[in-house]
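Asker: Please see the structure below; I have some questions.
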Amino acid sequence: GAGVSQSPSNKVTEKGKDVELRCDPISGHTALYWYRQSLGQGLEFLIYFQGNSAPDKSGLPSDRFSAERTGGSVSTLTIQRTQQEDSAVYLCASSLAFGSYNEQFFGPGTRLTVL
Amino acid sequence: DQQVKQNSPSLSVQEGRISILNCDYTNSMFDYFLWYKKYPAEGPTFLISISSIKDKNEDGRFTVFLNKSAKHLSLHIVPSQPGDSAVYFCAASARGGADGLTFGKGTHLIIQP
């Protein structure tokens, strides 16, 4: 069966440009999560969606980051005016329902490089 | 401030022996702990978990031990196999997962033949 997919797999952009990262969760999964992994660091939680709603956006690193989810499926993470410190692997995960006990299935990630 | 710490960036173990990966945490609100395994260019995959009401959970070759008083957990892999070579992440959650998972930096396990 299809797992979580993310696109693009790699993105190289210039400082100051906007980028949009896409996540396709597993069909039927109502919860969706975004994480990022900077070089040499663990995964850092950014935001989660229950359905189309993101109850808490405080994990987003700055107001240049935004995320949306439509139709309870695809989600996009947008970074405006990218900076070099935004370079990281951005990972998306989905789970059948929201909550600690629901296994999160991860996508392969999008490697973002800001020059 | 890192709330989940994996102090060994790498660990080398001979095939067939026991691998022990360690993890420490500081947030006493964590009530659910997980181990994820990650191969290069792939997302992490869930391995095993444990609730704070337990001190041990076993699944085949994998056992996770939780010592709440020491805020420490460990993953035991017995016997270690070449396919176990990967990066292992310890993760924890609180508040029913409302803050997502908090991950450690990972330990690169290398199984030597």
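The values are calculated or read from the model by the stated rules, or taken from the named source; none is laboratory data. Keep in mind that what you see is a predicted model, and the values were worked out from it rather than measured. Cβ placement follows ideal geometry from the backbone for every residue including glycine, while neighbour counts extend to all protein chains displayed. Note: areas computed on protein heavy atoms with side chains; ligands, DNA, RNA excluded. Shrake-Rupley method; radii C 1.70, N 1.55, O 1.52, S 1.80 Å.
Asker: Sort A:T13, A:T113 by accessible area with a 1.4 Å probe, largest first.
Answerer: From most exposed to least exposed: A:T113, A:T13.
Asker: Hey, any idea what % of chain B's accessible area is carbon plus sulfur with a 1.4 Å probe?
Answerer: For chain B, the apolar C and S fraction of the accessible surface comes to 50 percent.
Asker: Scale the Cα Rg of the range B:1-103 by the rule-of-thumb value 2.2 N^0.38 Å and send over the ratio, two decimals.
Answerer: Its radius of gyration relative to the 2.2 N^0.38 Å reference: 1.04.
Asker: Send over the per residue convex hull volume for the range A:1-111, Cα only, as a whole number of Å³.
Answerer: 98
Asker: Which of the aspartates and glutamates could a cross-linker bridge to B:K68, judged by Cα under 14 Å and excluding same-chain residues fewer than eight apart?
Answerer: Within reach: B:D24, B:D31, B:D55.
Asker: Also, quick follow-up: Residues of the range A:30-60 losing 10 Å² or more of accessible surface, assembly versus chain alone, probe 1.4 Å, please list them.
Answerer: Buried by the other chains: A:Y35, A:Q37, A:G40, A:Q41, A:G42, A:L43, A:F45, A:Y48, A:D56.
Asker: Counting DSSP beta bridges in the protein assembly as shown, what percent are antiparallel, to the nearest 5?
Answerer: 90
Asker: Here's another thing I want to ask about it. Taking the solvent-accessible surface of protein heavy atoms with a 1.4 Å probe, what is the per residue accessible area of the protein assembly as shown in Å²?
Answerer: 47
Asker: What's the average, rounded to a whole number, of partner chain beta-carbon atoms within 10 Å of each residue's beta-carbon in B:41-52?
Answerer: Mean shielding by partner chains, rounded to a whole number: 4.
Asker: Based on a Kirkwood Rh over C-alpha pairs, give the Stokes-Einstein translational diffusion coefficient of the protein assembly as shown at 10 °C and viscosity 1.306 mPa s in µm²/s.
Answerer: Estimated via Stokes-Einstein, D reaches 88 µm²/s.
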